[in-house]
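Student: My structure is below; once you've seen it, I'll send some questions.
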Ligand code: FES
């Protein structure tokens, strides 16, 4: 088993089998990586491998549509396209949740 640390989710640590898809682990364990399509199209799952980049598999052509060579160099990947075979830490840009509807709540 390997350990994945979800830095942008309070440092939550989960374990997963080797060669797991990063987005699938996030979904199963409520890691919190944002996503929409799950198929390499939308780019929403962009994340940064803070530690253990060497434990991720080869960059896919679909990722090259959303990320630059410089970003790959900094450790950015698309979670739905990335398989992990060792301990990593991953972070991402946290979207602020929209401000709740205007109005006062009684009690
Ligand atoms: S979730 Fe859409 S590209 Fe990964």
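Student: Could you name every one of the helices (runs of 4 or more DSSP H) located completely within the stretch 1-97 that has at least 2 residues being within 14 Å of the ligand (Cβ to nearest atom) and more than 10 Å from the chain's Cα centre (by Cα)?
Tutor: So the answer is 61-64.
Student: Here are 26, 20: which of them is under 20 Å from residue 93 (Cβ atoms) and buried (at least 16 other Cβ atoms within 10 Å of the Cβ)?
Tutor: Only one candidate passes the filter, namely 26.
Listed here are the residues, each with its yes/no results for (1) modelled with pLDDT under 95; (2) over 23 Å from residue 10 (Cα atoms).
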{"position": "29", "(1), (2)": "no, no"}
{"position": "65", "(1), (2)": "no, yes"}
{"position": "71", "(1), (2)": "no, yes"}
{"position": "85", "(1), (2)": "no, no"}
{"position": "103", "(1), (2)": "yes, yes"}
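A quick yes/no check of all residues on (1) surrounded by fewer than 16 Cβ atoms within 10 Å (Cβ to Cβ); (2) out of contact with any helix residue (DSSP H, G or I) (no Cβ under 9 Å at 6 or more places or on another chain):
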position	(1), (2)
33	no, no
55	no, yes
58	yes, yes
66	no, yes
96	yes, yes
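The values are calculated or read from the model by the stated rules, or taken from the named source; none is laboratory data. Remember, it's a predicted structure, so these values are computed and weren't measured experimentally. Note that we place each Cβ from the backbone using ideal geometry, even for glycine, and neighbour counts take in every protein chain shown.
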